[in-house]
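*Asks:* Pasting in a structure now, in structure tokens, and then I'll have a few things to ask.
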Amino acid sequence: MSWNRKHLLDIESLTPEEIITVLDTARAFKAVGERAIKKVPALRGKTVVNLFVEPSTRTRISFELSEQRLSADIINFTAEASSLKKGETLKDTARNLQALNTDFIVIRHSASGAPSFLARELNASVINAGDGAHEHPTQALLDAFTIRERKGRIAGLNVTILGDILYSRVARSDIWALTKLGANVTLCGPSTLVPRVFEQMGCRVTHDVDEAIREADIINLLRIQHERQRKTMFPGLGEYTSLFGLTKARLARTRPDALIMHPGPINRGVEIDSNIADCERSLILEQVTNGLAVRMAVLFLVNGGKGPHEVAP
Amino acid sequence: MPEPIIVLDRAAIQRGLARIAHEIAERNEDSQAVVLIGIQKGGVPLARRLSALLAGIWGHPVRAGDLDVSMHRDDLDQRLAPDVQPTVIPFDITGKTVVLVDDVLFSGRTTRAAMDALNDFGRPKRIQLAVLVDRGHRELPIKADFVGKNYPTARTETIRVKVDESGGADEVTLERK
């Protein structure tokens, strides 16, 4: 067992052993979700604040359900309906949360580094649910869990991440997690969205989609993030689809056992053909199921990471 | 550190398990209603072995499952997160006589957690407890129904149980700090 962290702020600072600990623990929590009674008392009496300063549906719901299944008490705090709209700073929001004696804060924020800031300011455990274009660690952990469950391993697999890498915190966290676990990661997309600088993270960069997916075991598609692009990075969505979209014709040229992943929300007909999203090679909905198990595991582990660092008999 | 003391050797463990199996058979007339649940990790191989012994006595298979109690412990915020093992109970426990099996009975907190965890899987008719070693120092009102060996210890001592499903490397030892 190797986990003594109080927070989960990023994947970059985790060791491969720590990542494996999360994945192993998540396996047991996945089984909990398959029982008639899907709830365990592990976080009974603990308070979790879901501080979603940036809009999110699936990640927030996944965290909420994970927390409920661990028997925690939950407060949901969204940007639209909060004092942040009234001009309160993140620091003051944080101090108010501290005054409520919360045990865990799950934060989604448009500013990179906001979770680290809270972790320094507060006594609570902080879990990063996505910060700016920095990281989205639980997404990477659930992706790794899904790949490991379906392929039996991660080391040595060819994983291609296709789409908007530049603006993607999912891509960054995935790259850290998968390279740490020994996968060969290839990045592909328009050159404006997939700059060569990513080679420094230990992956291969190409702008030829057919070459990028030919030998892939896993094709992980990312959505084009219209909301993060301040200037036009490529001519248009139609052009994107014809040059980089995963179409039936392109899929036919991949390995027959290559599996398709997507963190959601998917844009049918843009980055992925609608039929491919629903085919048996698509793991998109399994990713959603596994997200619950992984988030339960993370909450369970950081809860232990707060205590005195010794293992009871 | 002094040499570990052997509490039970291979033959003694085998005798202890055989006696427990006979006591379970004697106590439970309705043999079809009995299922064994081993508590992770030490109780799991013991439950499998008791299941084989009982199958020999009763002449029909006796089902065995594995239960992990980590998520039901009462000290989760006072320690590092425990290593969670699989829970596999591929049968309905409602209405059954569940014999919980563990290697060492100490504070009784693991047994309490196990009874809570079992609740999530159904409502047994009754729960009985079988342990290889009862070392004393109970912190809860819990008592084993079947005991391989009562072995009074000091709190500072450690009981180490090495058993597997085959019985090849069985040994229970006591280590003094």
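The values are calculated or read from the model by the stated rules, or taken from the named source; none is laboratory data. These figures come from a predicted structure and were not determined experimentally. Quick reminder, even Gly has a Cβ in these numbers, built from the backbone with ideal geometry, and neighbours come from all protein chains shown. Ligands, DNA and RNA are excluded from the accessible area calculation, which covers all protein heavy atoms including side chains. Shrake-Rupley method; radii C 1.70, N 1.55, O 1.52, S 1.80 Å.
*Asks:* Name the residues of the range A:38-57 whose accessible area falls by at least 20 Å² when all protein chains are present instead of the chain alone, probe 1.4 Å?
*Replies:* Buried on complex formation: A:Val40, A:Pro41, A:Ala42, A:Lys46.
*Asks:* OK, next. Please state, rounded to one decimal and in Å, the Kirkwood hydrodynamic radius that the protein assembly as shown gives when every pair of distinct Cα atoms enters the mean of 1/r.
*Replies:* 25.0 Å
*Asks:* Before I look further, what does the range A:25-138 give for accessible area per residue, probe 1.4 Å, in whole square angstrom?
*Replies:* On the way: 4830 Å² over 114 residues.
Per residue, the range A:25-138 has an accessible area of 42 Å².
*Asks:* Please compute the modelled spin-label separation between B:Lys41 and A:Arg281, points set 7 Å along Cα→Cβ, answer in nm with one decimal.
*Replies:* It works out to 3.9 nm between the two label points.
*Asks:* Counting only complete DSSP H runs, which helices of chain A cover 27 Å or more along their long axis at the Cα atoms and score a mean Kyte-Doolittle of 1.0 or above?
*Replies:* Qualifying helices: A:284-305.
*Asks:* Okay, moving on. Suppose we keep just the DSSP beta bridges with both residues in the protein assembly as shown; what percent of those would be antiparallel, to 5?
*Replies:* If we restrict to bridges inside the protein assembly as shown, about 15 percent are antiparallel.
*Asks:* Just which residues of the range B:74-121 lose 50 Å² or more accessible area with every protein chain there, against their chain alone, with the probe set to 1.4 Å?
*Replies:* B:Leu76, B:Asp77, B:Arg79, B:Leu80, B:Ala81, B:Val84, B:Asp120
*Asks:* Return one whole number: the accessible area per residue of chain B in Å², for a 1.4 Å probe.
*Replies:* 47 Å²
*Asks:* Tell me, what is the percent relative contact order of the range A:32-140, built from C-alpha pairs under 8 Å that lie six or more residues apart?
*Replies:* 25 percent
*Asks:* A further question follows. Run the numbers on chain A and let me know its relative contact order in percent, using alpha-carbon pairs under 8 Å that are six or more apart.
*Replies:* Working: 597 pairs, mean separation 66.9, N = 313.
Computed value for chain A: 21 percent relative contact order.
*Asks:* Leaving out ligands, DNA and RNA, and with a 1.4 Å probe, what % of the accessible surface on the range A:137-285 is carbon or sulfur? Intermediate results must be reported in sequence, preceding the final value.
*Replies:* Details: 3010 of 5930 Å².
Roughly 51 percent, rounded to a whole number.
*Asks:* Still on this structure, please answer the following. Using 7 Å Cα-to-Cβ label points, what is the A:Thr289/A:Ser274 separation (nm, one decimal)?
*Replies:* 2.5 nm
*Asks:* Continuing with the same structure: Run lengths n ≥ 4 of DSSP H only: what is the helix-derived mean residue ellipticity at 222 nm for chain B, with -39500 (n - 2.57) per run over all residues, to the nearest 500? Working shown, then result.
*Replies:* Details: 3 runs with 45 residues, N = 177.
About -8500 deg cm²/dmol.
*Asks:* If you don't mind, another one. Please state the relative contact order of chain B as a whole percent: Cα pairs under 8 Å, 6+ residues apart?
*Replies:* RCO, chain B: 28 percent.
*Asks:* Can you give the accessible area buried between chains B and A, summed over both chains, with a 1.4 Å probe, in Å² to the nearest 100?
*Replies:* Buried surface at the B/A interface: approximately 1800 Å².
*Asks:* Let me ask something else. Which longest uninterrupted range of chain A lacks any GluC sites (Glu not before Pro) assigned by DSSP to a loop state (not H, G, I, E or B) and surrounded by at most 11 other Cβ atoms within 10 Å?
*Replies:* Result for the longest clean stretch: A:81-279.
*Asks:* Which percent of the accessible area of the range B:1-76 is formed by carbon and sulfur heavy atoms (probe 1.4 angstrom)?
*Replies:* About 50 percent, which is the carbon plus sulfur part of the accessible surface.
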